[in-house]
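Below is one structure, written out as structure tokens, with a few remarks after it.
The values are calculated or read from the model by the stated rules, or taken from the named source; none is laboratory data. The structure displayed is predicted, hence computed values, not measured ones. In this analysis, Cβ positions are derived from the backbone assuming ideal geometry, glycine residues included, and neighbour counts consider all displayed protein chains.
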Amino acid sequence: MDESVSRIQPLLVVGVILIPDFSLMSFSSLTEPLRGANRIAGEQRYSWTNLSVDGGSIRSSTGLAVPTVTLDEGGEFDILVVCGGHSDETYGNRELREYLRRMDRRKVRIGSVSTGSLVLADAGLLDGRRCTTHWGYIDALRASCPRAEVCDELYVVDGRIFTCAGGLAAMDAVLDIIRDRQGSDFSSMVAENFICGSTRRPEDRQRMALRHRLDIAHPTVIGAVALMEQFIEMPLRLPKIASRIGVSSRQLERLFMRHLHCSPAQHYVRIRLDEGRRLLRNTSMSVLEIAIHCGFNSTSHFSRAYRQRFGSLPSADRTWKGVLR
């Protein structure tokens, strides 16, 4: 066992700020490693308090409620983490905004999980910093915080501020905190306690590799789809894609039919429409802006294709309620 396991550690006090409809997986990934570390150490080295603006029970996205105390009742913290989720609306609150700014002035370390990054942006804590959020909300974060350098990494530490993508990425971020305090051997024991074979690094990308998402391994098809995902606003013509990956257009057509059971053109349109749906749900971009961003020359063209794919008009998926105020 690493010497650091037996080394006396000061108690690390964590405040977890829960936003209505927060992600239960993100919350568990954030708090369970702390509990596991205490269990393995045989003593309490980490404590956490669940906070919210109004106190009382806060419902998660699954409907399960978690008890909280108000921000003022929480006391003093070494770390504050805002736990967001994937709700259909964003969350802005003046009291929370001022609380975060006050804690920042006191040099408290502040972090976020999932769309909690949008709350930090609302408080002005991400200006001039590198940061991240769940990949589905990266465009929304860029729109709400244009002075931040938003990336798609699992988690980002920039000075006293850290942001992570949510879900299991919260566990990666917490294991990193534990590693800094108690060493790699102890952190690995905590990870193994949760059947986590290996911890990911901050710079790892959020989304699965294309071969896993598509469930295929053919390099030519994967290369073509990667180009399609790269060129959404200005779609490449099929001969251009084929030329870039070193095959003929006819061969590319055959490969797509064999492995994806559709033509390259059909798959390309699906990619662009899926991107459009994501933007409709997670950003404040207008339908026209989204249509152009996804390579359609008009809203009518976009709407027809959208309805054909999803069975509804784009307006039906207009669930974004506006940027944080």
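Taking the options GLY111, GLY167, GLY84, GLY92, name whichever one is in contact (Cβ under 8 Å) with a residue 24 or more places away in the chain, within 24 Å of THR49 (Cβ to Cβ) and in contact with an Asp or Glu (Cβ under 6 Å, 6 or more places away or on another chain).
Checking each option against the conditions leaves just GLY92.
I'm told LEU51 meets every condition in (1) within 18 Å of LEU24 (Cβ to Cβ); (2) in contact with a Phe, Trp or Tyr (Cβ under 7 Å, 6 or more places away or on another chain); (3) of a type in the set (A, V, I, L, M) except one. Can you identify the failing condition by its number?
Among (1) within 18 Å of LEU24 (Cβ to Cβ); (2) in contact with a Phe, Trp or Tyr (Cβ under 7 Å, 6 or more places away or on another chain); (3) of a type in the set (A, V, I, L, M), LEU51 violates only (2).
When the residues of the range 244-264 are filtered to those that are of a type in the set (Gly, Ala, Ser) and surrounded by 14 or more Cβ atoms within 10 Å (Cβ to Cβ), which remaining residue is nearest to ARG309 (Cα to Cα)?
If we take residues in the range 244-264 being of a type in the set (Gly, Ala, Ser) and surrounded by 14 or more Cβ atoms within 10 Å (Cβ to Cβ), then SER263 is nearest to ARG309 (Cα to Cα).
Given (1) outside any helix (DSSP H, G or I); (2) surrounded by 20 or more Cβ atoms within 10 Å (Cβ to Cβ), where does GLY36 come up short, assuming only one miss?
Only one criterion is unmet by GLY36, namely (1).
Suppose we keep only residues that are outside any helix (DSSP H, G or I) and modelled with pLDDT of 90 or more within the range 198-243. Which one would you say is surrounded by the most Cβ atoms within 10 Å (Cβ to Cβ)? Step through it out loud before you land on a result.
We begin by selecting, within the range 198-243, every residue outside any helix (DSSP H, G or I); these are 198-209, 215-218, 231-237.
Okay, now just the ones that are also modelled with pLDDT of 90 or more, so 218, 231-237.
On the way: HIS218: 15, PHE231: 16, ILE232: 16, GLU233: 11, MET234: 6, PRO235: 19, LEU236: 17, ARG237: 11.
Top of the filtered list is PRO235.
Do you know which residues across the range 134-192 are under 20 Å from GLY42 (Cβ atoms) and aromatic (Phe, Trp, Tyr)?
The one that is under 20 Å from GLY42 (Cβ atoms) and aromatic (Phe, Trp, Tyr): PHE186.
When the residues of the range 271-303 are narrowed to those that are of a type in the set (Val, Ile, Thr), part of a helix (DSSP H, G or I) and touching a helix residue (DSSP H, G or I) at 6+ places or on another chain (Cβ under 7 Å), which ends up nearest to LEU227 (Cα to Cα)?
Just the residues of the range 271-303 that are of a type in the set (Val, Ile, Thr), to begin with: 271, 283, 287, 290, 292, 299.
Imposing the further condition that a residue be part of a helix (DSSP H, G or I) reduces the set to 271, 287, 290, 292, 299.
Those still in the list that are touching a helix residue (DSSP H, G or I) at 6+ places or on another chain (Cβ under 7 Å) too: 271, 287, 290, 299.
Working: ILE271: 11, VAL287: 24, ILE290: 20, THR299: 24 Å.
By that ranking, first place goes to ILE271.
Among the residues that make up the range 128-144, is at least one of them closer than 25 Å to MET25 by Cβ and of a type in the set (Lys, Arg)?
Among the residues of the range 128-144, at least one is closer than 25 Å to MET25 by Cβ and of a type in the set (Lys, Arg), which makes the answer yes.
Restricting attention to the range 91-115, and to residues there that are assigned to a loop (DSSP other than H, G, I, E, B) and touching a Ser or Thr at 6+ places or on another chain (Cβ under 7 Å), which single residue is surrounded by the fewest Cβ atoms within 10 Å (Cβ to Cβ)?
Within the range 91-115, the match that is surrounded by the fewest Cβ atoms within 10 Å (Cβ to Cβ) is THR115.
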